[in-house]
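Report on the structure given below.
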Amino acid sequence: MRIKNIFILSVFAFLFSFTRSEETRIDINNIDQDKLEILILEKVNELREKKKKPLLSMNNILGKAAVNHADFLKKHKKLSHTQSSRKTRTPMDRTDYYGGKFSYVGENIAYTYLYEPVKGAENTRNSVVLKSYEATAEYFYQLWKNSKTHYKNMIDGDFNLSKIRFSFDSKTNRIYGVQVFGAL
């Protein structure tokens with residue numbers, strides 16, 4: 001009887017391991033940027049591994065450039081890789097401004113909305129409501145993966161460093177994401 005109970009418990013544990021883990025809701029008053037970044041970076045690194053590219057490590061200087069640009073996008077409420085300031089005009093200018101010595105820099109940008117219906121990133125016929133870190137990370141990842149120029153940055157073998165930062169507009173529930181890539 002004891003062996004039968006252990007067997008049954010083992011079967012339940014095995015089956016339970018395949019169920020979807022609980023998703024973590026985003027508190028829009030306190031967004032955990034590090035958590036969202038890690039979830040996206042894991043997906044990007046899985047893709048890079050499949051493509052036999054070096055995995056990306058986080059870099060603080062790229063993070064400063066990403067924060068700068070995420071804040072710029074929020075302030076101007078539109079997507080652009082270019083800023084008006086001469087010191088921070090391009091992604092390379094921004095990394096140089098913060099003391100980076102990168103030979104090559106790339107940048108992915110996007111925005112979406114939290115807690116509001118948005119078109120699906122993979123299938124635009126479907127709409128989704130992004131409420132969790134996991135769903136939001138997947139959405140940003142799919143937006144970039146399904147864009148030819150953003151995808152190129154994701155799999156560029158010269159890049160070995162990255163940082164992803166966000167800005168959130170509480171008036172519109174819009175979240176901007178900026179991933180900056182660097183090669184030393």
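Every number here is computed from the coordinates shown, using simple stated rules; none is lab data. What you see is a predicted model; the values in this text were computed from it and never measured. All Cβ positions, even for glycine, are placed from backbone atoms using ideal geometry, and neighbour counts span all protein chains on display.
Among the trypsin sites (Lys or Arg not before Pro) found in the range 59-168, those both in a DSSP coil and sparsely packed, with 16 or fewer other Cβ atoms within 10 Å of their Cβ, are LYS77, LYS78, ARG89, LYS101, ARG125, LYS131. With respect to the chain, whose longest principal axis is taken over its alpha-carbon atoms, helix 33-50 is tilted by about 80°. Between TYR104 and GLU22, the FRET efficiency estimated from the beta carbon spacing at R0 = 30 angstrom works out to 0.15. Count Lys and Arg as plus one, Asp and Glu as minus one, and take only other residues whose Cβ is under 14 Å from that of GLY100; the net charge is then +2. Modelled spin labels at LYS35 and HIS76, positioned 7 Å past Cα toward Cβ, are 3.1 nm from each other.
Amide hydrogen proximity for MET58: with H placed 1.01 Å from N in the peptide plane, the residues at 5 or more positions away or on another chain lying under 5 Å are SER162.
Per-residue extension of 0.36 nm, minus the Cα-Cα distance of SER85 and ARG125, leaves a gain of 10.5 nm for this segment. Scalar couplings 3J(HN,Hα) for the range 68-73, obtained by applying the Karplus form with A = 6.51, B = -1.76, C = 1.60 to θ = phi - 60°, are 4, 6, 4, 5, 4, 4 Hz; x denotes Gly and Pro.
Which one, (1) 44, 26, 15; (2) 69, 20, 16; (3) 35, 21, 14, gives semi-axes √(5λ) of the Cα gyration tensor in Å as derived from the coordinates shown? Here semi-axes √(5λ) of the Cα gyration tensor in Å agrees with entry (3). Between ASP93 and ILE155, what FRET efficiency follows from the Cβ-Cβ distance if R0 is 22 Å, with the result rounded to 0.05? Plugging the Cβ-Cβ distance into 1/(1 + (r/R0)^6) gives 0.35.
Once the chain from GLU42 to THR172 is taken as fully extended at 0.36 nm per residue, the excess over their C-alpha distance is 44.0 nm.
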